[in-house]
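In what follows, a single structure is set out as structure tokens and then discussed.
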Amino acid sequence: MSTAVEFADGVRPPTAARPGQKADVTAWLGVAAGAIGSLMATLDISIVNASLPTIQGEIGASASEGTWVATAYLVAEIVIIPLTGWLERVFGLKRFLLAAAILFTAFSILCGTAGTLPTMIVGRIGQGFTGGAMIPTAMTIIATRLPPSQQPIGTAMFGSTVILGPVLGPLVGGWLTENFSWHYAFFINVPVCAALVGLLLIGLPDEEMDLDEFASADWLGILGMALGLGGLTIVLEEGHREQWFESAMIWQLTIVTIFGFALIAAGQFIADRPVIKLALLRNRTFAAVFVLALILGAVLYGTSYVIPQFLAAIANYNALQAGKVVFLSGVPALMMMPLIPLLIRFVDLRLAVAIGFATMALTCWIDAYLTAQSTGGSFTVSQLLRGFGQVMGMMFLNQAAISSVSSEDAGDASGLFNAARNLGGSIGLAVLATLQDARLDFHHWTLQSSIQANDPAVQAYVAAQASGFGGGSAGLASAYRMLDMNVLRDALVMSFNDEFLALTIGILAVVPLTLLLKPLPKGQINMAMH
């Protein structure tokens, strides 16, 4: 069956392979470069998750501050992804990606040598800006270097990187942390980027720069995204710790956020080509895709962050052990990717997305019943099912994003879809960290207040513990500390359960939106090109 491919400008670019041709070796090297760059960019989102407790201790960051190591990367990616199409036109695809790969290496080295939280955050922001550029450009390479008959193979390769990156990251980071040092979770990018540069030099043709594009850029939108999205993330991240609007800092950041979004809105009317075409959200179908992508990002990045934190805090897992558990969700992705082009042709995308999101909701509901005795084995079933749900949701929702708009808007829709997924991840990480702090305090004090000093069972427990610590006042004090530690542990488990329950509710709330999606014509696979 033939495959119809849609391009953002409605026509095939001059550098694309003709329909009757087969891609040559250099074209496939270019596609491989795009896949490697995309994998590296998505992998580095979560490569620190399993080793985050170790990193936090060495750079002097608290648990809540440590989320910035992941969040800073996502925020930077959100800003850069919609800009990639413009930057490609300004510098040319090959030159742009070479610069991104080299700068990504430099920022990775900065992260690996960081000794303080501010230095780490600067490095992660730089990684996000440069790595984020490699995600949508991978689809551009596929669209321009492969003929339609071979593009489903390239699309499956790209889909594998998007799904596997976040789940492979904790495994790679954990292995490097346990066998070498957490610094090598960043230094590993150096040889990979060297190989990437070589593939880019061979696999992509040279293109002319168009510096005149600078004059027509949506500078209001660019500045607004940095201020609005950055401010919003900080407000969500720091709000609970700063007592929300009792803090002058939160008020100031809220004003910055509103001002940033106002600049984005102004750019919609002033710029010839807005950096984010928000008018697409007036399309009911695409608006549904956007909301679904937000939740998808929250689940994809939220679970790969929360699970290692639980295993480190409760089950005393090291970084490598936690990484192996997270990677379980990548197994279904590896098995299903060869089937995705076939499924897209014959399965109604509304049904596929609904099944994917319902499966993800089920997995979060399963994980909402953890106990203090839970270990990595408790996540086996949920992780395998989660991988299946993420593949179905991600790949079919990407098709829905492009099919919901005209061919002229396909590139903007793809950029906004990818930005929404990362924005959902950023907001999800911030909300989950805030929720954990709030619910931990709530459960801790609730459990403590339920313990009655006159309860015979409590007195017997304290007496037994005190005897074990040698008796006397010192033994009694140790027994009370042990009791409080057990209460705190149970409160922490309950707060993790609340996080998974919140994700369950969030997913189920958006499942009905799948009814608004537009089905693909039989046999069509969409592909947006910047």
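Scanning region 238-249 for any residue that is exposed (fewer than 14 other Cβ atoms within 10 Å of the Cβ), within 26 Å of Ala433 (Cβ to Cβ), charged (D, E, K, R) and free of Cβ contacts under 8 Å to residues at least 12 places away in the same chain turns up at least one such residue. Just one residue in the set Ser495, Ser478 is modelled with pLDDT under 75 and not hydrophobic (A, V, I, L, M, F, W, C); that residue is Ser478. Scanning region 73-103 for residues that are farther than 21 Å from Met225 by Cα, in contact (Cβ under 8 Å) with a residue 60 or more places away in the chain and touching a Ser or Thr at 6+ places or on another chain (Cβ under 8 Å) yields Leu93, Leu97, Ala101. Go through the residues of region 205-216 one by one and say whether even a single one is in the same structural domain as Phe104 (by TED's automatic domain parsing) and closer than 27 Å to Asn398 by Cα. So far as region 205-216 goes, no, none of its residues is in the same structural domain as Phe104 (by TED's automatic domain parsing) and closer than 27 Å to Asn398 by Cα.
If you take the residues in region 432-473 that are surrounded by 21 or more Cβ atoms within 10 Å (Cβ to Cβ) and of a type in the set (A, V, I, L, M), which one is modelled with the highest pLDDT? Result: Leu432. For region 116-156, the candidate set comprises residues that are closer than 27 Å to Val69 by Cα and among the β-branched types (Val, Ile, Thr); within that set, the residue that is modelled with the lowest pLDDT is Thr137. Residues in region 409-438 that are under 18 Å from the mean Cα position of the chain (by Cα), more than 20 Å from Leu87 (Cα to Cα) and not β-branched (Val, Ile, Thr): 10 in all.
Considering region 223-278, the residues that are assigned to a helix (DSSP H, G or I) and of a type in the set (Ser, Thr, Tyr) include one that is modelled with the lowest pLDDT, namely Thr233. Candidates in region 279-332 are the residues that are assigned to a loop (DSSP other than H, G, I, E, B) and over 15 Å from the mean Cα position of the chain (by Cα); of these, the one that is surrounded by the fewest Cβ atoms within 10 Å (Cβ to Cβ) is Asn316.
The values are calculated or read from the model by the stated rules, or taken from the named source; none is laboratory data. Just so it is clear, the model here is predicted, and its values are computed rather than measured. So basically every Cβ, Gly included, is an ideal-geometry build from the backbone, and we count neighbours across all protein chains shown.
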